[in-house]
1. Taking springs between alpha-carbon atoms closer than 10 angstrom, which of 218, 170, 150 fluctuates most in the Gaussian network model of the chain?
2. For the chain, calculate the relative contact order in percent as a whole number, restricting contacts to Cα pairs under 8 Å that are 6 or more residues apart.
3. Output the direction-averaged projected area (hull surface divided by four) of the convex hull of the alpha-carbon atoms of segment 191-327, in nm².
4. Relative to the first principal axis of the alpha-carbon coordinates of the chain, what is the inclination of helix 181-219, with its axis defined by its Cα atoms, in degrees from 0 to 90 and to the nearest 10?
5. Counting DSSP beta bridges with both partners in segment 12-155, what percentage is antiparallel, nearest 5?
6. Where both residues lie in the chain, what percent of DSSP beta bridges are antiparallel, nearest 5?
7. In a GNM of the chain with a 10 Å cut-off on Cα contacts, which of 280, 238, 270 has the highest mean-square fluctuation?
8. For the chain, find the longest principal axis of its Cα atoms and tell me its angle to the long axis of helix 68-80, 0 to 90°, nearest 10.
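Please treat every number below as a calculation from the coordinates, not as lab data. In this text, all values refer to a predicted model and were calculated from it rather than measured experimentally. A quick note on method: Cβ atoms are made from the backbone with ideal geometry, for glycine too, and the neighbour counts reach across all protein chains shown.
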């Protein structure tokens with residue numbers, strides 16, 4: 001089966017690419033990592049104007065969705081331009097509250113769709129992470145534990161991460177918003193949405209790493225010729241491209257499964273997540289090696305992409321957990 005975007009979806013991707021390309025995202029990422037979310041919130045507002053966050057919010061709550069395929073397109077561009085912030089978590093919070101409905105949905109979903117509120121989401125489950133992403137910059141941190149969802153009232157100290165722009169903290173306390181078996185079902189759906197858009201981010205990030213590495217090996221010379229002409233370098237780049245190309249249809253297939261509310265959507269998402277995450281991680285390793293390890297220096301913008309690859313690979317489902325889910 002072939003997964004091809006229509007003209008409107010391709011134009012949406014091009015518009016986001018152009019907007020983010022002029023936003024100076026490396027500067028935004030460094031500011032976010034230092035604890036200053038101001039420039040990041042400005043980019044967030046522009047993304048909201050473009051309708052990115054409304055794609056995860058139902059129409060009855062002033063959203064445009066849920067539209068998993070369009071979300072996948074948008075998050076591919078967010079990954080391509082290494083946009084910081086709890087992006088996947090805000091989309092997942094929209095999916096969670098959209099399934100739950102009620103007063104909480106009416107209070108928060110219009111704010112999420114419009115970009116007025118930034119949300120983080122922490123699903124406390126066996127083997128899951130106890131941390132919320134960017135809790136210090138979020139307007140709301142939703143915590144799901146079993147059959148209960150609550151709104152955290154504070155958070156613990158920010159923990160170090162392989163990616164300095166991913167600021168992790170434990171959510172503390174909070175008011176119970178809803179209880180019951182419907183919470184667990186909604187949280188499972190929200191986790192699938194988070195895993196899907198994280199896979200899309202990883203795919204976009206991997207493509208930027210490959211593009212920049214190809215450009216670099218064309219310029220860098222050794223023994224009087226471009227290193228990109230060496231067979232070993234060509235093979236390494238080809239392997240990276242193949243991994244990214246194989247992951248892309250899996251990501252689109254997972255988006256279509258979520259659109260159709262397919263009972264097997266969780267397995268489709270897991271397959272997409274492991275393929276995209278491993279492809280992006282492989283692209284980061286290729287970029288690092290072919291740049292002669294210069295890509296890991298903080299002064300080089302490429303490091304912002306390289307250091308995000310592994311956290312994206314492991315967020316919302318490690319490779320081992322995703323493989324186990326596919327095989328279950």
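1. Sorting by GNM fluctuation, first place goes to 218.
2. 16
3. 8.3
4. Taking Cα atoms only, the helix is inclined about 20 degrees.
5. 35
6. Of the beta bridges lying entirely in the chain, close to 70 percent run antiparallel.
7. Checking each option, the largest mean-square fluctuation is seen for 238.
8. 50
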